[in-house]
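Engineer: What follows is a structure written as structure tokens; I'll ask about it next.
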Amino acid sequence: MSGAAAIEADTRHAAARPLIARLTGALLRAFPVILVCIAWQIAPTVGLINPDALPPLSSVVTAWWGLLIDGSLVSNGLTSLWEVVAGLGLSIVVGVGSGVLMAWYAPVEAIVSPLMKSLYPMPKSALIPVMILWFGLGPSSKIASIFAGCLLPVVLSSYNGARGVDHTLIWSALGLGASRRRVLWEVVIPSALPEIMAGIRNALAISFILMVAAEFLVGQHGLGYLISFLGDGGVYDAMFAGVLTVSAFGFFADRVYLLFMQRMLRWRE
Amino acid sequence: MAGVSEPGSREAYLTALRVASGIAFFAAWQLTAMSHVFSDFLLPSVPVVFERLWHDLISGDLLYGIVLTLIRTFVGFVLAAVGGIALGVSIARIQLVRWFFDPLVSVGLPMPKIAFLPIFMLWFGVFDTSKVLMVAFSSIFPVIVEAWAGTQNIDKYMTWSAMSLGVDRHRFLWEIALPAALPQVFTGLQVALPIALIVDIVCEMQMGGEGMGGSIMTDMRFADSPGVFAYIIAIAIVGMVLVKAMEIVRRRLLVWHQETQTA
Amino acid sequence: MAGISFREVRHTYRPPRGKPVLALEGVSLDVKDREFLALLGPSGCGKSTLLYLLGGFIPVESGAITVGGKPVAGPSPERGIVFQHFALFPWKTVRQNILYGLEKQGMPKPEREKRTQEFVELVHLKGFEDSYPSQLSGGMRQRVAIARTLAVEPEILLMDEPFGALDAQTRALMHEELLAIMRRAPKTVVFVTHDVREAVYLADRVAVMSARPGRVKEIVDTKFKSNARGEELLQTREFADKVDHLWKLVRDEAIRAQGTRE
């Protein structure tokens, strides 16, 4: 199985053990991260690394706290969150619908599928300038960029998931008297769900990348803009705090989604 | 459909379909542009964009930009490939390395590594070094993950056969483990290359200068929409060529592999 | 001298997650030199584990396994092994797979090329020397695996349900090929299977193993008095009786094994 799937399997196994074992396990696993944090604190403090280039962890934490209190973290965070939710949400609605329909209705597939496969290797971030031309400097261009970038992975995984449904399942349902419409909703989509959800997880990661990239380039608000602004202003400890916040944001979004996915796919072995 | 079952004609059929859908796409674009639902600025017509593309091609600007972008992408990619494979294989085979890097990799994988761009700019300046390192940093993760999994999941019985036939411990890695892991390692590389291109373009867009990313941002700032569209098409073509190239390399390198045989 | 001796071999299987399980409980058994012994038993009875211990792939924790008087201390070309799923090196051609063991032995080039060609012909794969395993059928792959193992001329041949992944017709053909090879160059063979007829047909003696934790339940002599071969032999009364006898022994253990399936 792929590396990412192996890591996912490990996460699943870990979730099954009793709480104390899980906590100790988690602590042991986190130890290298803790080591890195300790190194981060000591090295700049004793001058091993230039503290202007890498502020010690303590001042980054302090700066982070400052950003939190003065509200800039929250307000920019909400803007970024909104962009991701809107862009990703739209791509899921349109993408899953298109992908499944393409798999189900052959004429649609013949036209759209080759185009889709050709466009897939297109670097999604290149669409950002067009979106800016079309939607201006505000959040709309970011949402449009995220939508455009996430659409294809979602469509593709929905299409592959729906196409890969075991024919015998479909035939059994039809044989039991279900209409084609019902089969689509009650057999095809649930069977395709694992692959669709995996595609959405992928799109989630892409949405974060596009959100940050777009906000860096032309931002007026949002976490990417905040980081850029702090960097331009030379406030490096706050800049690091911002970077860590966005990274943590991306990490937790993935973890939360993973839990959600595992719940939805409980029936899978 | 008659004759589609033979591999040669099937390939031809698929290619024809691709070309047809490409033409349909550009036709739809042109029709929309001509209907003037959107202004010429928002959606320039196809001939205007292609004329621009041609103009940049002849003047040499386009090729120069492509070459620069590709060089940065490749250097970063090679760094990620070498480092990622070395690290992935070490994680699979050495307990201590695994203990240290496992959490770092799991945490790092879902993070938007592009967020670190300002840090890289702070440390390495606004020229090629920071771009290349940013590319390497972003694309190393999938390589590590696949190299790790590929080395870890080698068939136990094949390993035992090799041991029974007399392989010694030191040669085992090169003679057995790496060839066996190659399919999965190469998959990691195939995932990493498009990432490398995307990240490089974003870096160029952010830092400016020459290269496709810088050019497209310049055109955007000058509200030169045919230029922006022209560069998107150029970037899309470069992306497609890279992916296709990797597929061809895979087929030759892994000619022995199950998938290649059944394709 | 390649007589094998198992003395009170015990083995506990320790999975990375979960409780340890006693796989083998005090197995004692002697295999004579040049004898074809089958290990027969239901799934999970530990017969493959016993084979892997003999091969030196798993360390012996309790008890002793000796070959020609010397204890087993790790894998060696003297105890060649053939696995159910072939375990060929997929990136090497047929020829390169067979060459591998010979290269490890440091055999000089002309000699090993010659030896490889001999064994390619022995298993009737002439013309396929430069094919990759993925281009071959299951039966052909298993023949490559056998050729690869035999090329290094082991004294003992270990076979772990080698024909289990093949269809019935191919399996029957492979039985004949294996017997032909053994007639040309007899070796000590330890053959693991759960197929009673296969065990009776191929082996000189069959050791029936109990359900987990495995021990040797009974050893049955399966040398045939009749001179019939192949199809003829399968039709004789003698064959049917022996199969019947062994099937009764195995059936109880198979039922017991079903009950303890986790």
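The values are calculated or read from the model by the stated rules, or taken from the named source; none is laboratory data. On a predicted model such as this, the values are computed, not experimentally measured, just so you know. For neighbour counting, all protein chains shown are included, and Cβ atoms are generated from backbone atoms with ideal geometry for every residue, glycine included.
Engineer: Can you tell me which of (1) in contact (Cβ under 8 Å) with a residue 24 or more places away in the chain; (2) at the interface with chain B (Cβ under 10 Å from one of its Cβ atoms) is the one residue A:221 doesn't meet?
Structural biologist: (2)
Engineer: Could you please find all residues in segment A:130-147 being in contact (Cβ under 8 Å) with a residue 40 or more places away in the chain, within 14 Å of chain B (Cβ to nearest Cβ) and part of a helix (DSSP H, G or I)?
Structural biologist: Hits for segment A:130-147 are A:131, A:132, A:141, A:142, A:144, A:145, A:146.
Engineer: Taking segment C:117-163, which residues are of a type in the set (Gly, Ala, Ser) and either away from chain B (no Cβ under 13 Å) or assigned to a helix (DSSP H, G or I) (or both)? Even if it seems obvious, please write down each step before you answer.
Structural biologist: Pass one, segment C:117-163, residues of a type in the set (Gly, Ala, Ser): C:127, C:131, C:134, C:137-139, C:145, C:147, C:151.
Residues satisfying the conditions are C:127, C:134, C:138, C:139, C:145, C:147, C:151.
Engineer: Sticking with this one: Looking at (1) farther than 24 Å from residue C:194 by Cβ; (2) among the polar types (S, T, N, Q); (3) exposed (fewer than 15 other Cβ atoms within 10 Å of the Cβ), which one does residue C:169 not meet, given that it meets all the others?
Structural biologist: Condition (1) is where residue C:169 drops out.
Engineer: Just to verify a result, which residue in segment C:98-116, among those that are more than 13 Å from chain B (Cβ to nearest Cβ) and more than 24 Å from the chain's Cα centre (by Cα), is surrounded by the most Cβ atoms within 10 Å (Cβ to Cβ)?
Structural biologist: C:113
Engineer: Moving on to the next point. Check residue A:269 against each of (1) modelled with pLDDT of 90 or more; (2) not in a helix (DSSP H, G or I) and name the one condition it does not meet.
Structural biologist: Against the list (1) modelled with pLDDT of 90 or more; (2) not in a helix (DSSP H, G or I), residue A:269 comes up short only on (1).
Engineer: Kindly evaluate residue C:74 against the criterion of being in contact with a strand residue (DSSP E or B) (Cβ under 7 Å, 6 or more places away or on another chain) and either of a type in the set (Val, Ile, Thr) or within 14 Å of chain B (Cβ to nearest Cβ) (or both).
Structural biologist: Against the criterion (in contact with a strand residue (DSSP E or B) (Cβ under 7 Å, 6 or more places away or on another chain) and either of a type in the set (Val, Ile, Thr) or within 14 Å of chain B (Cβ to nearest Cβ) (or both)), residue C:74 does not qualify.
Engineer: Give B:143, B:126 a once-over and let me know the one that is at pLDDT below 95 and of a type in the set (A, V, I, L, M, F, W, C).
Structural biologist: B:126
Engineer: Another question, then. Test each condition in (1) aliphatic (A, V, I, L, M); (2) within 14 Å of another protein chain (Cβ to nearest Cβ); (3) under 20 Å from residue C:216 (Cα atoms) for residue C:60 and report the one that comes out false.
Structural biologist: The one condition residue C:60 does not meet is (2).
Engineer: A further question follows. With respect to residue A:67, determine if the residue is closer than 30 Å to residue A:163 by Cβ and at pLDDT 90 or above.
Structural biologist: No: the conditions fail for residue A:67.
Engineer: Those residues that are surrounded by fewer than 21 Cβ atoms within 10 Å (Cβ to Cβ) and at pLDDT 90 or above, I need them from segment A:135-155; list them, please.
Structural biologist: Within segment A:135-155, A:135, A:140, A:148 qualify.
Engineer: Here's a follow-up. Given the structure, is residue B:62 at pLDDT below 95, surrounded by 17 or more Cβ atoms within 10 Å (Cβ to Cβ), more than 12 Å from chain A (Cβ to nearest Cβ) and in a helix (DSSP H, G or I)?
Structural biologist: Here the answer is yes, as residue B:62 does meet what is asked.
Engineer: Among the numbered criteria (1) closer than 22 Å to residue A:134 by Cβ; (2) part of a helix (DSSP H, G or I); (3) of a type in the set (A, V, I, L, M), which single criterion is violated by residue B:24?
Structural biologist: Failing condition for residue B:24: (1).
Engineer: Tell me, please, whether a residue that is away from chain A (no Cβ under 11 Å) and over 19 Å from residue B:203 (Cβ atoms) can be found in segment B:134-154.
Structural biologist: Yes, because at least one residue in segment B:134-154 is away from chain A (no Cβ under 11 Å) and over 19 Å from residue B:203 (Cβ atoms).
Engineer: For segment A:184-201, indicate whether the set of residues that are under 21 Å from residue A:80 (Cα atoms), under 21 Å from the mean Cα position of the chain (by Cα) and among the β-branched types (Val, Ile, Thr) is non-empty.
Structural biologist: Quick first cut of segment A:184-201, residues under 21 Å from residue A:80 (Cα atoms) only: A:200-201.
Add one more test, that the residue is under 21 Å from the mean Cα position of the chain (by Cα), and what stays is A:200-201.
With among the β-branched types (Val, Ile, Thr) added as a condition, the list becomes A:200.
Within segment A:184-201, one or more residues are under 21 Å from residue A:80 (Cα atoms), under 21 Å from the mean Cα position of the chain (by Cα) and among the β-branched types (Val, Ile, Thr).
Engineer: Spot the failing condition for residue A:211; the list is (1) in contact (Cβ under 8 Å) with a residue 60 or more places away in the chain; (2) more than 8 Å from every other protein chain (Cβ to nearest Cβ), and only one is missed.
Structural biologist: Failing condition for residue A:211: (2).
Engineer: Next question, about the same structure. Taking helices (runs of 4 or more DSSP H) that fall entirely within segment B:162-263, which contain at least 3 residues that are more than 9 Å from every other protein chain (Cβ to nearest Cβ)?
Structural biologist: B:169-172, B:178-207, B:212-221, B:225-253
Engineer: What's the total number of residues in segment C:78-94 that are over 25 Å from residue C:21 (Cβ atoms) and either polar (S, T, N, Q) or touching a helix residue (DSSP H, G or I) at 6+ places or on another chain (Cβ under 6 Å) (or both)?
Structural biologist: 10
Engineer: Right, something else. For segment B:205-239, give me each residue that is surrounded by fewer than 16 Cβ atoms within 10 Å (Cβ to Cβ) and either free of Cβ contacts under 8 Å to residues at least 60 places away in the same chain or not hydrophobic (A, V, I, L, M, F, W, C) (or both).
Structural biologist: Once the filter is applied, which keeps residues that are surrounded by fewer than 16 Cβ atoms within 10 Å (Cβ to Cβ) and either free of Cβ contacts under 8 Å to residues at least 60 places away in the same chain or not hydrophobic (A, V, I, L, M, F, W, C) (or both), segment B:205-239 yields B:208, B:210, B:221, B:222, B:237.
Engineer: Give me the pairs: first residue in segment C:50-78 and within 20 Å of residue C:32 (Cβ to Cβ), second residue in a helix (DSSP H, G or I) and acidic (Asp, Glu), beta-carbon distance under 7 Å, and six or more apart or on different chains, which are they?
Structural biologist: If the second residue must be in a helix (DSSP H, G or I) and acidic (Asp, Glu), no pairs are left.
Engineer: Which residue, of B:6, B:11, B:51, is acidic (Asp, Glu), farther than 24 Å from residue A:205 by Cα and at pLDDT 90 or above? Quick ask: steps written out before the conclusion?
Structural biologist: Details: B:6 fails: at pLDDT 90 or above; B:11 fails: at pLDDT 90 or above.
Going through B:6, B:11, B:51 in turn, just one is acidic (Asp, Glu), farther than 24 Å from residue A:205 by Cα and at pLDDT 90 or above: B:51.
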